[in-house]
Amino acid sequence: MSTQEIEQLRERALRELAEATSQEALADWHARYLGRRGEVTQRLRQLGSLAPEERPAVGRALNELKQRLESAYEDRERQVRESELAERIAAETVDVTLPGRRPAIGTLHPVTQMIREVTDIFAHLGFQVVEGPEVEYGYYAFDALNIPPEHPARDVWDTIFIESEHKEIVLRPHTSPMQIRVMERRQPPVRVVVPGRCYRYEAVDATHEWHFHQIEGLAVDERITMADLKGTLAEFARQLFGRERRVRFRCDFFPFVEPGVDFAIDCMFCRGEGCRVCGGSGWIEILGAGMVHPQVLRNVGYDPERYTGWAFGMGVERLVMLKYGVPDIRYFYQGDLRFLAQFDRIPL
Ligand code: PHE
């Protein structure tokens, strides 16, 4: 084995080493030259078969070659490891400066928002918020409210009836039955507001839905007067629709109040001038109310000589329509996000 051969072996090994660009190729290279059956290892093993005078020089040259290759291998291995790591880091980089994707979180339904807004106003005026059943006995929906069977006023509430053999059962057409339920359970003073879903057998159009929401109010105590009703409703209307609102009471009829009124505010779109929203009248009716009928007080065991009170009831969808100029009540229950997402003042 000549020094020239060893020189050629060195050059070939170093060239191939420089060409190895992965850990795998490096391991392969190491096995071929420096492994147990590698070319350098095998040549070292063959030293014994050389002539004694050749051995020292060839032996030294081979050992030098072995050391040279081992250290070249280590250098190259470190280079490859570092560049593989750099490649991985570049490939797996997360760009923390990219703007995030905002998840859609939705909003409360406009009816829910309005119920919260209205009940909040009354809570601050000293009213308690209570709720009651949507499936109701005819007694609470009508009879106890001074609407006996066969009374023509019963037709005013186009009621959806539920089959029953013994007792009349209905889907409540208004929240007024809760007046009775509340008074049956407690003694005056009573001050409650009752938000809830109502149902009517109704042809659906831009201002009528077969189900909708009302908020009932009831205040009963000694010496409660119509002046309290007017003051309370005026304060409510001004908190909801603006401090500058003017208010109006007019006679109306409901069997469970006497006298009965409708309560209106001056139109906030034209300020009373007359426009499309108020139908040219300058006034917008927002609820029905009145002094609780003495017969209703008697029906729950209250003494009408001692106690007086008033009640009111308003449609929640109508309030939203008035406040935000929604032209059609059907939008509320179509589940169309283009409509619902506009009421995003209060996030979930
Ligand atoms: N319950 C009546 C309705 O649904 C509203 C109302 C409530 C009127 C309380 C007077 C007093 O139309």
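The values are calculated or read from the model by the stated rules, or taken from the named source; none is laboratory data. Treat the numbers as computed from the prediction; the structure is a model and nothing was measured. Cβ atoms come from the backbone with ideal geometry, glycine included; neighbour counts cover every protein chain shown. Ligands, DNA and RNA are stripped out before the accessible areas are found, and what is left, the full protein with its side chains, is counted by its heavy atoms. Shrake-Rupley method; radii C 1.70, N 1.55, O 1.52, S 1.80 Å.
Per residue, how large is the accessible surface of region 204-249? Use a 1.4 angstrom probe and give square angstrom.
Numbers: 2090 Å² over 46 residues.
Result: 45 Å² per residue.
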For this session: Could you tell me, in Å, what Rg and Dmax come out for the Cα atoms of region 47-142?
Result: 42.8, 128
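For region 222-269, state which GluC sites (Glu not before Pro) are in a DSSP loop and have at most 14 other beta carbons lying within 10 Å of their beta carbon.
Sparse-neighbourhood loop GluC sites (Glu not before Pro): 222, 244.
At 222 nm, what helix-only mean residue ellipticity would the chain give, in deg cm²/dmol to the nearest 500, using -39500 (n - 2.57) for each DSSP H run of four or more? Don't skip to the end; give the middle numbers.
Details: 11 runs with 135 residues, N = 348.
After summing the helix terms and dividing by residue count, I get -12000 deg cm²/dmol.
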Problem set entry | Reference-scaled alpha-carbon Rg (2.2 N^0.38 Å with N residues) for region 219-348 | 1.25
For this session: Check the cysteines of the chain one by one and keep only those with no other cysteine Cβ under 4.7 Å from their own.
Result: 198, 251
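Note the direction-averaged projected area, equal to a quarter of the hull surface, for the Cα convex hull of region 43-103, in nm². Write down the numbers at each step before the final one.
Working: hull surface 25.8 nm².
Computed as one quarter of the Cα hull surface, the answer is 6.5 nm².
Ignoring ligands, DNA and RNA, please state the percent of accessible area on the chain from carbon and sulfur, probe 1.4 Å. Each step should come with its number before you reach the end.
Values: 9860 of 19850 Å².
The value for the chain is 50 percent carbon and sulfur by accessible area.
Ignoring ligands, DNA and RNA, what accessible area per residue does region 263-306 give at 1.4 Å, in Å²? Mind showing how you got there, number by number?
Details: 2100 Å² over 44 residues.
Ligands and nucleic acids excluded, the result is 48 Å² per residue.
Compactness ratio of region 93-136: Cα Rg over 2.2 N^0.38 Å, N = residue count? Working shown, then result.
Numbers: Rg = 20.2 Å, N = 44, 2.2 N^0.38 = 9.3 Å.
Compared with the compact-globule rule of thumb, region 93-136 sits at 2.19.
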For this session: Return the loop-located trypsin sites (Lys or Arg not before Pro) in region 12-112 (DSSP other than H, G, I, E, B) with at most 10 other Cβ atoms within 10 Å of their own Cβ; answer none if there are none.
Result: 36, 37, 101
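Restricting attention to region 157-187, which trypsin sites (Lys or Arg not before Pro) occupy a DSSP loop and are surrounded by at most 10 other Cβ atoms within 10 Å?
Values: sites: 167, 181, 185, 186; in loops: 167, 186.
Answer in residue order: 167.
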Exercise. Tell me, what does the Kirkwood hydrodynamic radius of region 3-91 come to in angstroms if you use every pair of distinct C-alpha atoms?
Worked result: 14.1 Å
Exercise. For region 180-230, what's the radius of gyration and Dmax over Cα atoms, in angstrom?
Worked result: 15.2, 43
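What is the ratio of the Cα radius of gyration of the chain to 2.2 N^0.38 Å, where N is its residue count, to two decimals? Let's see the in-between values first.
Details: Rg = 44.7 Å, N = 348, 2.2 N^0.38 = 20.3 Å.
Taking the Cα Rg and dividing by 2.2 N^0.38 Å, one obtains 2.20.
Run through every distinct alpha carbon pair of region 237-283 and return the Kirkwood hydrodynamic radius in angstroms, one decimal place. Display every interim value, and only then the final one.
On the way: mean 1/r = 0.0865 Å⁻¹.
The Cα-based Kirkwood calculation yields 11.6 Å.
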